[in-house]
Amino acid sequence: MIGVASMTAPLRRVAVRAPGTAMLKADAARWHYGPRFDPAEVTAEHAAFVALLERAGCDVLRMEQDDQGIADAVFTYDASLMTPAGALLMSPGKPLRQGEQAVHRAFYDAHKIPIIGAIEGDATAEAGDTLWLDERTLLVGRGFRTNEAGVAQIAGIIGAQDIEVIAFDLPCYTGEAACLHLMSLISMVDTKTALVCTPLLPVGLWRLLKERGITLIDAPFGEFEATGTLSTNVLATAPGRCIMLDGIPETRAALEHAGITVSVFSGDALCIGCEGGPTCMTRPILRSGTNTRIDQGT
């Protein structure tokens, strides 16, 4: 079974990829990795994260296809997007990740998962710039990784499923070499609750969230900066249940104060070191079941 149209419905099936040779031997400067990147630690950190997914009840599929020398292939969220009808192959905007969608195509073919289309030509798009606001609304960030042509192609393909695509311009922040996705600024942590970096959030998006009745949890900006934007990268495994990086106490406290149940793992070497958080390391294949909080009796 496949299908995703939510960021918080129970995560039933997910694809991951352990750090491969390309990452273990990566030139940190070339890949824009930071000083915390440590090849000796990344495999263990990834395994600890996968253990949390399994503990949450996820069926974890491994992407074992050749990584084609792409160190960032461990961040499986970006090179394809799962929809209710099947997978959309993206076209990464980071030059070193170009062609990574072929790894995802091979994975989907191997698992007989339908592919509904592909971003082509001069268009670029990364799924980290997408966010399901609800089953009929997909938000897209237009920035250094996803261009205008990419937004248009996403809308054209997804629109066939009667899904509205709403795009917002992203801030430059620290520049084009850094990884700043739409999901760097917002993570849905419950059906109607989002963790956001308010100072960088597009005004139009802030207004839309308010109009849709979304409760906003402000991520402390000091931790956002200290983690290289990853304090806001939080993965919901079910409504109100999330996985986040350890060592971000103020943000964790804000989430727990809002009633969110949080699990943590250490990701200094892999996540903060390589600019990708827990959401980035997943490619959700199936989210299904109630999208309300069972523990609240709703």
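Descriptive notes on the structure:
- Top-ranked residue of segment 171-184 - restricted to ones that are at pLDDT 85 or above, in a loop (DSSP other than H, G, I, E, B) and within 16 Å of the chain's Cα centre (by Cα), ranked as surrounded by the fewest Cβ atoms within 10 Å (Cβ to Cβ): Leu180
- Matching residues in segment 64-103 - criterion: being of a type in the set (Gly, Ala, Ser), buried (at least 16 other Cβ atoms within 10 Å of the Cβ) and out of contact with any strand residue (DSSP E or B) (no Cβ under 9 Å at 6 or more places or on another chain): Ala71, Ala73
- Qualifying residue in segment 206-225 (condition: aliphatic (A, V, I, L, M) and part of a loop (DSSP other than H, G, I, E, B)): yes
- Taken together, the criteria place Cys280 among residues that are surrounded by 24 or more Cβ atoms within 10 Å (Cβ to Cβ), of a type in the set (A, V, I, L, M, F, W, C), in a loop (DSSP other than H, G, I, E, B) and under 16 Å from the mean Cα position of the chain (by Cα).
- Any hit, segment 202-221, residues being buried (at least 16 other Cβ atoms within 10 Å of the Cβ), in contact with a helix residue (DSSP H, G or I) (Cβ under 6 Å, 6 or more places away or on another chain) and touching a residue at least 40 places away in the same chain (Cβ under 8 Å): yes
- Verdict on Ile163 being in contact (Cβ under 8 Å) with a residue 12 or more places away in the chain and in contact with a Leu (Cβ under 8 Å, 6 or more places away or on another chain): yes
- Filter result for Ala253 (crowded, with 24+ Cβ neighbours inside 10 Å and either outside any helix (DSSP H, G or I) or at pLDDT 95 or above (or both)): no
- Residues that are part of a helix (DSSP H, G or I), surrounded by 20 or more Cβ atoms within 10 Å (Cβ to Cβ) and aliphatic (A, V, I, L, M), drawn from segment 104-137: Ala127
- First in segment 39-68 and closer than 17 Å to Gln101 by Cα, second anywhere and charged (D, E, K, R) and part of a loop (DSSP other than H, G, I, E, B), Cβ under 9 Å, 6 or more apart: Arg62/Arg17; Met63/Arg17; Glu64/Arg17; Gln65/Arg17; Asp67/Arg17; Asp67/Glu100; Gln68/Glu100
- For Met23, the test of being at pLDDT 95 or above, in contact with a strand residue (DSSP E or B) (Cβ under 7 Å, 6 or more places away or on another chain) and hydrophobic (A, V, I, L, M, F, W, C) is failed.
- Qualifying residue in segment 13-22 (condition: free of Cβ contacts under 8 Å to residues at least 24 places away in the same chain, out of contact with any Cys (no Cβ under 8 Å at 6 or more places or on another chain) and under 26 Å from Thr146 (Cβ atoms)): no
- Taking the criterion of being surrounded by 21 or more Cβ atoms within 10 Å (Cβ to Cβ) and in a helix (DSSP H, G or I), the residues of segment 226-241 that qualify are Leu230, Ser231, Thr232.
- When Val140, Val151, Val42 are checked against the criterion of being in contact with a strand residue (DSSP E or B) (Cβ under 6 Å, 6 or more places away or on another chain), in a helix (DSSP H, G or I) and under 29 Å from Ala194 (Cα atoms), Val151 stands alone in meeting it.
The values are calculated or read from the model by the stated rules, or taken from the named source; none is laboratory data. Please read these numbers as outputs of a predicted model, since none were measured by experiment. Don't worry about glycine lacking a Cβ; one is built from the backbone with ideal geometry, like all the others, and counts go over all protein chains shown.
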